[in-house]
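Student: Can you read through this structure? Questions will come right after.
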Amino acid sequence: MDFSFVYEIQHHAAFGPLIVLYFFLAGLSAGLFLISALSTVFGWQAVKPLAKPAALTALAALIPGLLALVADLGRPFRALYLFLNVNPSSIMSWGSFILLFYGLVCVPYIWFLWRDQEKTAKTWGKVGVVLAISLGLYTGFLLAVVPGKPLWNSALLPVLFLVSGCVAALSLISLTKKAFVQGGVAGADYESALHSLKVWFVVLEICLVFFHLLTVYFLSGLGELTVMNLLAGEKAFTFWAVQIVVGIVVPLILLSLKQSPYSMGIAGLCSLLGVFALRYNFVYGGQELPAAGTQLYHQGGGIEWLSVLVLLGLGVVLIVTLPYLSQRLLHPTSSKSVSG
């Protein structure tokens with residue numbers, strides 16, 4: 001007598017909620033630093049009021065992002081292995097040093113920027129721009145090089161993550177406008193420049209999402225199934241309702257209408273939700289269709305989502321308090337400190 005044994009193969013989701021949060025906050029931090037550098041490094045005076053608070057907020061977003069990454073390891077001291085065992089062929093090894101140097105460069109850049117030592121701040125800013133772009137691209141590269149995950153296997157994914165990080169940064173500025181505008185600085189040019197940047201980056205994000213999914217769809221049969229799972233499967237609601245409608249359509253409609261603090265704030269909040277949904281959809285959507293088996297599980301899901309909320313709360317506290325604390329502690333109090 002012949003017997004047939006059927007096994008339900010379960011696949012572990014290596015990347016969970018904490019990694020989604022890390023990707024979101026790392027991209028947000030990189031985008032904020034690039035916005036800060038628009039005036040200090042590239043000399044765009046219209047956005048100069050954003051330079052100081054954007055730099056501080058970049059650091060504020062990076063801190064909970066790093067905590068999320070370390071918490072995901074389970075054993076935090078494992079992070080040291082990446083620095084003790086360097087592997088030039090590993091994207092993760094490169095990323096650990098990008099994170100380290102980016103965080104180290106942020107500190108002196110912020111210090112000299114808030115002390116109004118513009119030449120020195122510009123020097124640090126040039127190094128920071130390279131590292132910020134590398135950080136924004138790195139999170140996408142980390143997924144793109146993973147074999148057997150069609151939704152991730154596209155060269156457009158790193159660029160999409162970088163662009164969406166800039167969208168998140170501009171959205172955060174819109175949402176927390178009062179914290180970003182410095183006292184005594186006219187905001188008309190700054191608001192117009194911010195509006196134009198936001199529209200163009202959102203349009204670019206739409207194009208990148210479309211062409212990325214189109215590439216993956218025609219990549220293979222599994223790629224077609226992965227895209228259809230995103231468009232009409234388990235991730236259809238978070239993709240269409242949250243990422244597309246809330247995250248893109250609603251902000252574009254609000255940005256096309258008469259600008260007001262309320263509409264800009266709502267558009268900023270919606271865009272932030274959309275960028276987070278993009279990270280969630282791509283991280284989870286890329287793991288939901290393994291080659292064999294039908295079940296996907298992730299250990300500690302509820303606890304990790306609670307950790308995500310706690311770390312997001314920490315990020316909000318840092319974003320709100322750091323600009324005011326730095327204005328008191330780092331603002332020059334004499335002409336000597338300025339000329340120094």
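The values are calculated or read from the model by the stated rules, or taken from the named source; none is laboratory data. Everything quoted here is computed from the prediction, not taken from an experiment. Note that each Cβ is placed from the backbone with ideal geometry, even for glycine, and that neighbours are counted across all protein chains shown. Surface areas here come from the heavy atoms of the whole protein model, side chains and all, with no ligands, DNA or RNA. Shrake-Rupley method; radii C 1.70, N 1.55, O 1.52, S 1.80 Å.
Student: Applying the selection to region 139-162, what residues are of a type in the set (Ser, Thr, Tyr) and either at pLDDT 95 or above or more than 17 Å from the chain's Cα centre (by Cα) (or both)?
Tutor: SER154
Student: Got at least one residue in region 220-231 being more than 19 Å from VAL159 (Cβ to Cβ), under 22 Å from the mean Cα position of the chain (by Cα) and not in a loop (DSSP other than H, G, I, E, B)?
Tutor: Among the residues of region 220-231, not one is more than 19 Å from VAL159 (Cβ to Cβ), under 22 Å from the mean Cα position of the chain (by Cα) and not in a loop (DSSP other than H, G, I, E, B), which makes the answer no.
Student: Another question about this same structure. What pairs come up if the first residue lies in region 247-269 and is touching a residue at least 40 places away in the same chain (Cβ under 8 Å), the second is outside any helix (DSSP H, G or I) and open to solvent by 10 Å² or more (accessible area, probe 1.4 Å), and their beta carbons are under 9 Å apart, counting only those six or more places apart or on different chains?
Tutor: GLY265/THR176; GLY268/THR176
Student: So, in region 192-219, how many residues would count as being more than 22 Å from the chain's Cα centre (by Cα) and either modelled with pLDDT under 85 or among the acidic types (Asp, Glu) (or both)?
Tutor: Of the residues in that region, 1 qualify.
Student: Please verify whether VAL320 is at pLDDT 90 or above, open to solvent by 20 Å² or more (accessible area, probe 1.4 Å) and assigned to a helix (DSSP H, G or I), treating the condition exactly as stated.
Tutor: Considered against the rule, which asks whether it is at pLDDT 90 or above, open to solvent by 20 Å² or more (accessible area, probe 1.4 Å) and assigned to a helix (DSSP H, G or I), VAL320 comes out as no.
Student: Out of all the residues in region 97-147, which are among the acidic types (Asp, Glu) and under 18 Å from LEU34 (Cβ atoms)?
Tutor: GLU118
Student: Just the residues that are in a helix (DSSP H, G or I), modelled with pLDDT under 95 and open to solvent by less than 60 Å² (accessible area, probe 1.4 Å), please, taken from region 114-135.
Tutor: Passing the criteria: only TRP114.
Student: While we're on this one: Do we find that SER307 is farther than 22 Å from LEU50 by Cα, modelled with pLDDT under 90 and either surrounded by fewer than 18 Cβ atoms within 10 Å (Cβ to Cβ) or not hydrophobic (A, V, I, L, M, F, W, C) (or both) in this structure?
Tutor: For SER307, the condition - farther than 22 Å from LEU50 by Cα, modelled with pLDDT under 90 and either surrounded by fewer than 18 Cβ atoms within 10 Å (Cβ to Cβ) or not hydrophobic (A, V, I, L, M, F, W, C) (or both) - is not met.
Student: All but one of (1) under 21 Å from LEU66 (Cα atoms); (2) at pLDDT below 95; (3) crowded, with 21+ Cβ neighbours inside 10 Å hold for SER93; state the number of the condition that does not hold.
Tutor: Looking at each condition in turn, SER93 falls short on (3).
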